[in-house]
1. Spin-label point model (7 Å from Cα, Cβ direction): what's the residue 208 to residue 223 distance in nm?
2. So what are the ³J(HN,Hα) numbers for the range 169-174, from phi and the Karplus equation (6.51, -1.76, 1.60; θ = phi - 60°), rounded to whole Hz, Gly and Pro as x?
3. Taking the Cα centroid of the range 41-63 and of the range 159-216, what is the distance between the two, rounded to the nearest whole Å?
4. Residue 193's amide H: which non-local residues (gap 5+, or another chain) put their own amide H closer than 5 Å, with H modeled 1.01 Å from N in plane and none for Pro or chain starts?
5. Tell me which residues come under 5 Å, amide H to amide H, from residue 25 once H is placed; ignore anything under 5 positions away on its chain.
6. Place the peptides 184-193, 53-62, 91-100 in order of packing, highest mean first, counting for every residue the other Cβ atoms within 10 Å and averaging per peptide.
7. Stretch residue 159-residue 200 to full length: gain in nm at 0.36 nm per residue minus the Cα-Cα span?
8. Give me the one-decimal nm value for the distance between modelled label points at residue 13 and residue 36, 7 Å along each residue's Cα-to-Cβ direction.
Amino acid sequence: MLEPPTYLEIGIRHGTSLALATSTSVGIDPSYDLRVALPDGTSLFRETSDEYFDRPDPLAPFGGRPAALTFIDGMHLVEYALRDFINAERLSDWTSVVIIDDIFPSNAEMAARERQTRDWTGDVYKVPAILERNRPDLICLRIDTEPTGVLLVLGLDPSSSVLAERSDRIAREAVRPDPQQVPADVLERRGAIDPDTVLAAPFWSLLRTAREQGLAREQGLPELKKHASLLDFRHGEHRDVRPRRRSHLTSDPLCRRCCAVTSAFASE
């Protein structure tokens with residue numbers, strides 16, 4: 001697997017997923033309420049992600065190392081999630097991985113910008129399409145996890161300023177009053193990949209080896225894209241395109257809720 005030496009989590013809430021990390025970790029949440037013990041090497045910041053990224057040296061808890069794995073589960077609004085991605089990519093290496101939670105609402109009520117339901121994704125579902133339109137160099141994989149899916153983003157470019165330069169315009173176009181018009185392909189999870197398929201993908205070892213050897217992005221990205229395209233093609237027939245029921249199942253191999261994202265990617 002990826003075996004990330006550093007882990008950044010935005011929106012830690014009760015600390016359930018952060019507790020699974022086995023590497024030097026940073027958790028950011030302005031109102032966290034821990035209900036579990038966190039491992040040694042974990043630094044907590046009771047502030048917004050914007051405040052954290054505005055720090056003079058946000059990588060200080062990592063000893064200056066980039067964030068190898070970032071899990072974004074902060075404010076469930078498209079402009080906030082996009083801004084978190086922009087900032088997280090800036091602090092990453094090209095071999096790093098960013099995971100964005102809550103991309104598959106079950107209905108328009110769950111996707112509302114003004115919270116109406118107990119289970120709430122907001123309009124984060126807009127982020128995958130935004131990244132694909134504005135950053136075609138990235139690899140964006142929609143993963144079919146319960147309860148609300150995750151987006152796996154690979155092939156990062158910390159030097160890119162495209163999204164930062166376009167962020168105001170993107171936000172103006174993306175932010176719309178409720179009710180949200182959620183596309184059918186989002187509600188039906190079309191194109192979502194089975195978690196088992198992702199965990200078995202060969203690109204994890206490629207990313208780990210590239211990180212350890214200091215391989216440049218221009219050298220490793222073509223092979224990474226090749227692996228990702230083969231994964232997409234080979235397992236397309238297994239995608240579940242039916243509307244999903246809200247579930248409290250904890251058996252998904254990629255995440256229990258989204259908690260096992262950390263255990264799957266951070267465990268050796």
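1. Placing both labels 7 Å beyond Cα along the Cβ direction yields 1.5 nm.
2. Using θ = phi - 60°, the values come out as 5, 4, 4, 4, 7, 7 Hz.
3. So the two Cα centres are separated by 23 Å.
4. 142, 143, 144
5. 7, 42, 43
6. Packing proxy ranking, top to bottom: 91-100, 184-193, 53-62.
7. Gain on stretching residue 159 to residue 200: 11.8 nm.
8. It works out to 1.2 nm between the two label points.
Values in this text are rule-based calculations from the coordinates and carry no lab data. This one's a predicted model, so the numbers in the text were calculated from it and none came from an experiment. Using ideal geometry, Cβ is built from the backbone for each residue, glycine included, and neighbour counts are taken over all protein chains shown.
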